[in-house]
Every structure is written in structure tokens, then in C-alpha cells.
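Everything on this sheet refers to the single structure shown next.
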Amino acid sequence: MILSFDEIESWEQFENLTASYFELQNGIEGKGSVKNTVKQSGKGADGGVDILVELQMEDLVVPFERKWIVQCKFYDRDLRKSDLSEVNIPTLIKQYNADGYLLITKKGVVNTLQKSFDELDKNCNLGYRYEIWTDRTFINKILRTDNVILEQYFPKYYKHKYGK
């Protein structure tokens, strides 16, 4: 049995899983993370912002902060560019004084959407970052976290793997 988002039943649960993932990263040694603040936008129209993640980091010289806008899409198909057409991502980043925009999908993305994000990331003269985590990317990150996420959001997988 492989870990799959098929165990996730709704977009709310997918957003909660994503928020839990970022909250769980607090204080993880070796990642440089000092403190993460995770804010969910709640129900209803969110204008392209499901979660705001504020990361207070520290390198070997000075502490610094990063803020990411996270948009979760729980579609049973690969995401298309038109699925984000109502969102002006650079404007959102500026509005929230963020450093980047992270799109997390239940499935994958079509090539034109990936190319659009790659171009935005490559050509942004303001230093904003544009990232996409598809199902496989996010699942691989989840598998490297504490089992509490597996137990809470993927009970069938957890039971199969750990017999609990």
C-alpha cells in the first residue's frame, strides 16, 4: 500500500493537513527553523490565500523571516492554468508582504501551468518565489514528518504500515 491523497475526503481536510504539516515543522533541529506561524483563511472565498506561513529562520549569522502564501487545490485531475485565472499571484504576494506563493495540489499540474510558474520564478525582478508541490512532492515531504500526521490524516495507510 502506498500513501495517497485518496484517504483525504474533502478540500477542508486537505487544507487542514497542509496547515498541520507546516505547524509540525516548528523547532525541527537541522532545518534552521526557529518558529513557524500558520494562519488558515477559513471557509468561503479566500482570493487565492488558503494559508499564510510565516517562518522565522536563523542561519549561522543572523535571524530572518520569510512569509509564504499557500494555496491548496483539491481537484481530482491535474490543475490547469485556467483554474487560477482569477488570482493575480504577484499582486497577492505584494498585498500580504510575502516572499512567495506555494501551490499544493491533490494531483498534478498540466505543463502550461508548470511553465507559467517556472517563468514567474525565473523572471521576477522583485525576488518573489513561485513553487508547486504536486501530490508526489507533498506526499514525500509528509513521509519525512512525525507519524502524527499519518495517524490523523491517513489512518488506513498508518494501520497498514504500523499495524496500529
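Worth a mention:
- From the options Leu92, Leu113, Leu84, Leu103, residue that is out of contact with any helix residue (DSSP H, G or I) (no Cβ under 9 Å at 6 or more places or on another chain) and aliphatic (A, V, I, L, M): Leu92
- No other residue among Glu119, Glu131 is farther than 30 Å from Tyr158 by Cα and either without any contact (Cβ under 8 Å) to a residue 24 or more places away in the chain or in a strand (DSSP E or B) (or both) apart from Glu119.
- Subset of segment 27-40 [surrounded by 15 or more Cβ atoms within 10 Å (Cβ to Cβ), of a type in the set (S, T, N, Q) and modelled with pLDDT of 70 or more]: Asn36, Gln40
- Among the conditions (1) out of contact with any strand residue (DSSP E or B) (no Cβ under 8 Å at 6 or more places or on another chain); (2) among the polar types (S, T, N, Q); (3) assigned to a helix (DSSP H, G or I), Gln114 misses just one, which is (1).
- Picking from residues in segment 47-81 that are modelled with pLDDT of 90 or more and of a type in the set (Asp, Glu), the one that is nearest to Lys94 (Cα to Cα) is Asp78.
- Filter result (part of a loop (DSSP other than H, G, I, E, B) and aromatic (Phe, Trp, Tyr)) within segment 92-111: Tyr96
- Subset of segment 82-115 (residues that are within 20 Å of Arg136 (Cβ to Cβ) and of a type in the set (Gly, Ala, Ser)): Gly108
- Check on Thr137, surrounded by fewer than 13 Cβ atoms within 10 Å (Cβ to Cβ), without any contact (Cβ under 8 Å) to a residue 60 or more places away in the chain and in a helix (DSSP H, G or I): no
- Qualifying residue in segment 75-91 (condition: in a helix (DSSP H, G or I), among the aliphatic types (A, V, I, L, M) and exposed (fewer than 15 other Cβ atoms within 10 Å of the Cβ)): no
The values are calculated or read from the model by the stated rules, or taken from the named source; none is laboratory data. Please read all numbers here as calculations on a predicted model, not as lab measurements. No Cβ is skipped: glycine too gets one built from the backbone with ideal geometry, and neighbour counts run over all protein chains shown.
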